[in-house]
1. Is it the case that F125 is out of contact with any Ser or Thr (no Cβ under 7 Å at 6 or more places or on another chain), over 26 Å from P205 (Cα atoms) and loosely packed, with under 12 Cβ neighbours inside 10 Å?
2. Report yes if A119 is in the same structural domain as L48 (by TED's automatic domain parsing), farther than 17 Å from N326 by Cβ, surrounded by 13 or more Cβ atoms within 10 Å (Cβ to Cβ) and not aromatic (F, W, Y), otherwise no.
3. In the stretch 227-243, is there at least one residue being in contact with a Phe, Trp or Tyr (Cβ under 6 Å, 6 or more places away or on another chain), closer than 18 Å to V374 by Cα and either at pLDDT 95 or above or part of a strand (DSSP E or B) (or both)?
4. Between a first residue in the stretch 350-379 that is without any contact (Cβ under 8 Å) to a residue 24 or more places away in the chain and a second residue that is small (G, A, S) and outside any helix (DSSP H, G or I), which pairs have beta carbons less than 8 Å apart while being 6 or more apart in sequence or on different chains?
5. Take the residues in the stretch 271-290 that are in a loop (DSSP other than H, G, I, E, B) and of a type in the set (S, T, Y), then tell me which one is farthest from S334 (Cα to Cα).
6. Could you tell me how many of the residues in the stretch 235-253 are under 15 Å from P276 (Cβ atoms) and either among the β-branched types (V, I, T) or more than 16 Å from the ligand (Cβ to nearest atom) (or both)?
7. Is at least one residue of the stretch 284-296 within 21 Å of the chain's Cα centre (by Cα), of a type outside the set (A, V, I, L, M, F, W, C) and modelled with pLDDT of 95 or more?
Amino acid sequence: MRPPSDNRAVSSLFRVFGAGEPRVAGDVEERASRQGMHRHETAVFAVLFPLTIWVATSGPLAAMAGPFLGCLLAVPVTLLVMQLLPFILAVRSQPDQWRLWLTVCLLWAVMQCGAGGWAGMFAYFWIALAVLEIAADGVLFWRECMRWSGAPGIAWRVGLFVIPHGMVMVAAFKWGWPWFFAGGGLLAAMFCSWILSPYSQVLGPVIRSTDGERILITIDDGPDPHDTPLLLDLLDRHDTKAIFFMIGEKVLAHPDLAREVVRRGHEIGNHTLTHPQARFWCAGPSRTRREIEECQKIIRGVTGNAPRYFRAPVGHRNLFTHPVANELGLAVMSWNRRGFDAVEKDPGKVLSRILPDLAKGDIVLLHEATPIAVEVLNGVLDRIPHACGKAPAG
Ligand SMILES: [Zn+2]
């Protein structure tokens, strides 16, 4: 499942910085299968590339045939170059054509550096654009690295953690302790924001909304002998399917409930073996693997279905969540709507946080095993009758 996006860019530049950018990894291989281009890319292809070729050719032609005739002759020459060069170099795909023209314009720009007038202005424009393209390539490379699974993904993340901390230590040793506190504080703030935010895409791709037409209900922390049967009846009455993110130990304790959830057409997601909500964010690779892998085995053993989605306890992932989840074929799912129903006692307050502006594609986070679980689900389903559909295809 992909997050919603209208970004059809063929270049790294517009893929990363263009509007509609989904800001998740996996863009590189998707790019090849996409048709069309980003709307701003179309303008660059249709106007800026030809204009630059025209500026580049009109100078020498004007020197040979005079200013007016030179500028006029540069028009057919530009059209010919734009058609012939990709043909001669056998550059057919749109991403390759983008790279070809950017390279051509950059080479010309480097030669024009320091020149005045239009040519000089265009030269600086292309150099800036090339720098942005390289930065965008760096962002896409980072995202690809964040998709590595298993041991390579874990090793990469250990390096990611150790290398900047080592650099801070070296800086502190060389230039004094203020560097240690400034660098350490900056690193701590960065890593905390990546790990503790359920929405951060830096450590790996997280599904925060769907590209479906409906609203997706997700219910965490079950199964629960009191709540699960009531929630299932409620969902049936509203002809709605949900994803239940279940805790492995609870599935072992109530296997019939887990089977009943599947029998009624809902999906079960992996929510760790023991739900270590206070410690999961700082868990090492082996603890992370045990929590996710054991839960996966239990759910598959009890229901016959292996979960497709993983949700971290309270949304706190650690450095090793994504490599382990990727290895087990699990997509990490977060949410974009929640009412803090696990701690709030008033269902009205929970609903007032969830319901306003609820829109198609939203993923709603609810909990069971709370005193208000049934009231909250009832309130959500009452407001959006038949709006919730089956779990998205993986
Ligand atoms: Zn939970």
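1. Working: out of contact with any Ser or Thr (no Cβ under 7 Å at 6 or more places or on another chain): yes; over 26 Å from P205 (Cα atoms): yes; loosely packed, with under 12 Cβ neighbours inside 10 Å: no.
Spelling it out, it is not the case that F125 is out of contact with any Ser or Thr (no Cβ under 7 Å at 6 or more places or on another chain), over 26 Å from P205 (Cα atoms) and loosely packed, with under 12 Cβ neighbours inside 10 Å.
2. yes
3. Scanning the stretch 227-243, I find no residue that is in contact with a Phe, Trp or Tyr (Cβ under 6 Å, 6 or more places away or on another chain), closer than 18 Å to V374 by Cα and either at pLDDT 95 or above or part of a strand (DSSP E or B) (or both), so the answer is no.
4. These pairs meet every condition: S352/G339; R353/G339.
5. Taking the stretch 271-290 first, the residues in a loop (DSSP other than H, G, I, E, B) are 271-279, 283-284.
Restricting the remaining residues to those that are of a type in the set (S, T, Y) gives 272, 274.
Values: T272: 14, T274: 19 Å.
Applying the filter and picking the extreme gives T274.
6. 1
7. No, the stretch 284-296 contains no residue that is within 21 Å of the chain's Cα centre (by Cα), of a type outside the set (A, V, I, L, M, F, W, C) and modelled with pLDDT of 95 or more.
A quick yes/no check of all residues on (1) assigned to a strand (DSSP E or B); (2) of a type in the set (A, V, I, L, M, F, W, C); (3) surrounded by fewer than 20 Cβ atoms within 10 Å (Cβ to Cβ); (4) within 14 Å of the ligand (Cβ to nearest atom):
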{"residue": "I268", "(1), (2), (3), (4)": "yes, yes, no, yes"}
{"residue": "I292", "(1), (2), (3), (4)": "no, yes, no, yes"}
{"residue": "Q296", "(1), (2), (3), (4)": "no, no, no, no"}
{"residue": "G301", "(1), (2), (3), (4)": "no, no, yes, no"}
{"residue": "V314", "(1), (2), (3), (4)": "no, yes, yes, yes"}
{"residue": "D341", "(1), (2), (3), (4)": "no, no, no, yes"}
{"residue": "L365", "(1), (2), (3), (4)": "yes, yes, no, yes"}
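The values are calculated or read from the model by the stated rules, or taken from the named source; none is laboratory data. What you see is a predicted model, and the numbers here were worked out from it, not measured in a lab. With ideal geometry, Cβ positions are generated from the backbone for all residues, glycine too; neighbour counts draw on all protein chains shown.
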